[in-house]
Every structure is written in structure tokens, then in C-alpha cells.
Amino acid sequence: DVLIILDAVDFQLEPGTLVKLHDAEVPAYLGAKKMSLHQISFQEVLALCQLLGNCPERLFLVGVQPQVLEDYGGSLSAVVKRQIPAAMDCVLAYLAALGIAPKLIPANPDARNQAVGIVEYERLRPSAEEACRYGDGRFL
């Protein structure tokens with residue numbers, strides 16, 4: 001099994017910095033003081049997989065340092081958006097090294113998943129007055 005993750009990751013680097021991590025380089029640890037299962041991090045998911053002995057054989061993380069961390073539900077900043085082609089190139093190179101040749105599929109404008117596209121996401125995102133941008137208002 002191969003697990004490939006592309007995400008915004010806080011590496012404490014310059015915004016837009018692209019980082020590639022392989023296998024054991026990807027951090028896995030358990031945290032404390034969680035109020036809810038909804039607060040589980042990706043690192044905790046990996047640590048739990050390790051404890052259960054059910055990890056993927058290979059793991060590849062392509063992370064981009066975000067510019068803004070406090071805008072919950074926010075879109076991508078321009079500096080992060082500019083890294084998308086480079087991140088995709090990293091994944092394609094990784095797949096090629098595994099002997100996997102992905103097939104590009106043309107976008108289907110009639111597809112039901114258009115709401116997950118960035119244009120629709122940004123268009124439908126509630127304003128800051130309608131939705132809290134920096135956390136859950138019940139706990140602030």
C-alpha cells in the first residue's frame with residue numbers, strides 16, 4: 001500500500017516553502033488534551049496506525065508551509081496556490097519512481113463534485129460576520 005498526502009503543513013518555514021517527506025520522515029505522535037475526536041491530527045492518525053500495526057508500506061507527504069494558520073476554513077493564499085503545480089510534479093515523479101503512470105482525465109464540468117473546487121468553495125464560503133474565522137465561538 002502507498003499513501004500520498006498533499007497538505008498545508010506548519011514546518012515553521014517561509015510561507016510557500018514546499019517540503020517532501022518519505023516514510024519514517026513523516027512525523028507520527030500522539031497528543032494530549034483533546035476535547036473531541038474531531039481534533040485528531042494527521043500525525044495522531046499515523047501513530048494510531050503504527051500502534052495497531054496497520055500502516056501503509058510507503059508514505060509520501062508533500063507539504064506546503066501556509067501563510068495564514070488562523071483563518072479556519074480559509075482558502076489558499078496566493079503563495080500556497082503557486083506551489084500547487086510543483087506539488088503535483090513531486091507526486092507524479094514519486095509515482096513514476098514506483099513504476100506507476102497516472103492517466104490524466106479531462107475535467108467534467110457536469111461532475112457532482114464541483115463544490116469541492118476552489119472557485120465554488122471560495123464563492124460559497126460564509127463571510128467573517130457569518131462564520132467565525134479563528135476557532136469555535138463556543139470556546140473562545
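Some points to look at:
- Phi-based couplings in Hz for region 88-95 (Karplus 6.51, -1.76, 1.60; Gly and Pro marked x): 5, 4, 4, 5, 4, 5, 5, 4
- Residues of region 60-104 falling in the label zone of E25, defined by backbone nitrogen less than 17 Å from a point 7 Å along Cα to beta-carbon, are 60-65, 86-98.
- Fully extending the segment from D10 to Y121, taken as 0.36 nm per residue of separation minus the present Cα-Cα distance, adds 37.7 nm.
- Here Y94, Y72, Y121 are placed in order of increasing Cβ neighbour count within 10 Å, fewest first, which gives Y72, Y121, Y94.
Throughout, read-outs are computed from the coordinates displayed, never taken from laboratory work. Please read all numbers here as calculations on a predicted model, not as lab measurements. Positions of Cβ are backbone-derived with ideal geometry, glycine not excepted, and every protein chain shown enters the neighbour counts.
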